[in-house]
Amino acid sequence: MSADAEVAALDELTGGAGAGARGVDATAAAAERTAAAFAAAGFPKMPARTLLALVSSEQGSLTAAELSERLGASAAAVSGAVRYLQTVGFVHRISQPGSRRDLYALHEDEWYVVSMRNSPVYDKLAALTDATAETLPDGSPARARVADMARFYRFLNSRMPALLDDWEHEREAAP
């Protein structure tokens, strides 16, 4: 099933964004729709669902058991999702003194800004695509396409700090 079909199927199951549901049910349905849209855009499905569960929780943090219950997912699926989210810098684990359960939480700072400012992903993609371009024949259309991809990633990398600064100013100006 394509990601767009998954979004449509979820739409049908939930009656749209919260239609007919209230409170937690409406939030869960809306979060699932948003996670499906993230997945349609290329974000891994279970990490997307986990991220949206955390973002839409009152405290911005949940235990693995709470995530499993909220998402109707296995402990293994939740474990893999939080491991992915930790790797990309969206969440961190907080040990609970006197308990064997850890809490998975969003960062105190704006997690999306922290993750993008500290993410070397575009720089790495540029370097990797440059290396790929170097393996292709000089003057070939394939080399030109791959080199253009590398330039695009360098462009994104160079523009991201200013874009995030603009967002911070926009966010501060909001009522």
Does the range 94-104 contain at least one residue that is of a type in the set (Asp, Glu) and at pLDDT 90 or above?
no
Output the residue which, of all residues in the range 153-167 that are touching a residue at least 12 places away in the same chain (Cβ under 8 Å) and within 16 Å of ASP123 (Cβ to Cβ), is surrounded by the most Cβ atoms within 10 Å (Cβ to Cβ).
TYR153
Just for strands (runs of 3 or more DSSP E) wholly inside the range 33-115: which have at least 1 residues that are among the aromatic types (Phe, Trp, Tyr) and either out of contact with any Lys or Arg (no Cβ under 7 Å at 6 or more places or on another chain) or open to solvent by 20 Å² or more (accessible area, probe 1.4 Å) (or both)?
102-106
Counting only residues in the range 76-94 that are farther than 17 Å from PRO44 by Cα and without any contact (Cβ under 8 Å) to a residue 24 or more places away in the chain, the one nearest to the chain's Cα centre (by Cα) is identified as HIS92
GLU170 open to solvent by 80 Å² or more (accessible area, probe 1.4 Å), over 25 Å from PRO44 (Cα atoms) and assigned to a helix (DSSP H, G or I):
yes
Given (1) surrounded by 15 or more Cβ atoms within 10 Å (Cβ to Cβ); (2) without any contact (Cβ under 8 Å) to a residue 24 or more places away in the chain; (3) outside any helix (DSSP H, G or I), ARG143 misses just (3)
Using the structure shown, decide if ALA126 is aliphatic (A, V, I, L, M) and at pLDDT 85 or above.
yes
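The values are calculated or read from the model by the stated rules, or taken from the named source; none is laboratory data. Worth saying up front: this structure is predicted, and the values here are computed from it rather than measured. Glycine also receives a Cβ, built like all others from the backbone with ideal geometry; neighbour counts cover every protein chain displayed. Protein only, heavy atoms only, side chains kept; ligands, DNA and RNA dropped before computing areas. Shrake-Rupley method; radii C 1.70, N 1.55, O 1.52, S 1.80 Å.
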